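Input: a single structure, listed below in structure tokens.
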Amino acid sequence: MNDLNQARNHVLAQIQDACLAANRDLGQVQLLAVSKTHPSPLLREMYSTGQRSFGENYLQEALDKIEDLKDLDIEWHFIGHVQRNKTKHLAEKFAWVHGVDRFIIAERLSKQRDVTQDPLNICLQVNIDAQDSKDGCQPDEVVELVKQISLLPHLRLRGLMVIPAPHHTEAFQDAKQLFDQVKVFHVRPEDWDTLSMGMSGDLVEAIAAGSTMVRIGTALFGARDYSTKNE
Ligand SMILES: *Cc1c(COP(=O)(O)O)cnc(C)c1O
């Protein structure tokens, strides 16, 4: 068994234990492998362990890897900050975009999604614990944004994405509460099924609060080296 396989099995076991402890069905929580800064061959190796969904933060880096790995059946998620002038590539190349926090971004993604493709899955990013430097809409903007974005034709609005401050795990409960509130009035409640929260350091707490997708980088691939990056 190689290192990546071992690391992935360890994370899957953690997810399973967290589900059991929280009395949740196994299989309710999806593992997204966050592969930013890691080279394509390493992603290919992770793919060979059975991993199919990968999350990337930096557009150019992601586009290079998508090209390198186009022979594989990868579901690509963009989890970085979405810039208004970069939406075209996101709409074309990704299956999911997690960092949508304004209507104009959603509108552009919908317009730029090719009609022959499946609708683009998106999550609304919420600044759930009022951090100054963070992206994301405010919690009190969510209801209105969901109403507007749900009307866009080439998107499927799947849920919320949050990145609370480290150790601020109560924020996961706030996110779950907001998620449940929206479900009640969503025009297509069956689409509203994703709560993207939890990273290597806090996935157990996130799953306890109701996460359906954990975004895991370090625990799968080891520490990241940013020294060669300037983004
Ligand atoms: C980098 C990143 C992750 C993964 O973080 P780890 O602590 O390495 O697991 C998850 N979500 C987002 C939005 C990220 O940018």
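The values are calculated or read from the model by the stated rules, or taken from the named source; none is laboratory data. Remember, it's a predicted structure, so these values are computed and weren't measured experimentally. With ideal geometry, Cβ positions are generated from the backbone for all residues, glycine too; neighbour counts draw on all protein chains shown. Just the protein is used for accessible areas: all its heavy atoms, side chains included, with ligands, DNA and RNA removed. Shrake-Rupley method; radii C 1.70, N 1.55, O 1.52, S 1.80 Å.
For the range 172-198, filtered to residues that are part of a loop (DSSP other than H, G, I, E, B) and surrounded by fewer than 18 Cβ atoms within 10 Å (Cβ to Cβ), the residue that is nearest to the chain's Cα centre (by Cα) is Asp193. So is Ala130 free of Cβ contacts under 8 Å to residues at least 40 places away in the same chain, of a type in the set (A, V, I, L, M) and more than 13 Å from the ligand (Cβ to nearest atom) or not? Yes, satisfied. Suppose we filter Phe54, Phe78 for residues that are touching a strand residue (DSSP E or B) at 6+ places or on another chain (Cβ under 8 Å), within 20 Å of Asn5 (Cβ to Cβ) and within 14 Å of the ligand (Cβ to nearest atom); which single one remains? Result: Phe54 is the single residue among Phe54, Phe78 that is touching a strand residue (DSSP E or B) at 6+ places or on another chain (Cβ under 8 Å), within 20 Å of Asn5 (Cβ to Cβ) and within 14 Å of the ligand (Cβ to nearest atom). In the range 151-167, the count of residues that are over 15 Å from Gly99 (Cβ atoms) and in a helix (DSSP H, G or I) is zero. Considering the range 199-208, the residues that are crowded, with 16+ Cβ neighbours inside 10 Å and within 16 Å of the ligand (Cβ to nearest atom) include one that is farthest from Gln125 (Cα to Cα), namely Val204. Does Arg215 count as more than 16 Å from the ligand (Cβ to nearest atom), part of a strand (DSSP E or B) and either open to solvent by 10 Å² or more (accessible area, probe 1.4 Å) or of a type in the set (D, E, K, R) (or both)? It is false that Arg215 is more than 16 Å from the ligand (Cβ to nearest atom), part of a strand (DSSP E or B) and either open to solvent by 10 Å² or more (accessible area, probe 1.4 Å) or of a type in the set (D, E, K, R) (or both).
Set side by side, the residues Phe221, Phe179 differ, and just one is away from the ligand (no atom under 16 Å from the Cβ) and more than 21 Å from Gln83 (Cα to Cα), which is Phe179. Hey, among the residues in the range 88-124 that are β-branched (Val, Ile, Thr) and over 16 Å from the mean Cα position of the chain (by Cα), which one's farthest from Ile66 (Cα to Cα)? Ranking the qualifying residues of the range 88-124, first place goes to Ile104. The single condition from (1) under 21 Å from Trp96 (Cβ atoms); (2) within 14 Å of the ligand (Cβ to nearest atom); (3) open to solvent by less than 30 Å² (accessible area, probe 1.4 Å); (4) not hydroxyl-bearing (Ser, Thr, Tyr) that Gln30 fails is (3). Residues of the range 173-197 that are of a type in the set (Val, Ile, Thr) and touching a strand residue (DSSP E or B) at 6+ places or on another chain (Cβ under 6 Å): Thr194 alone.
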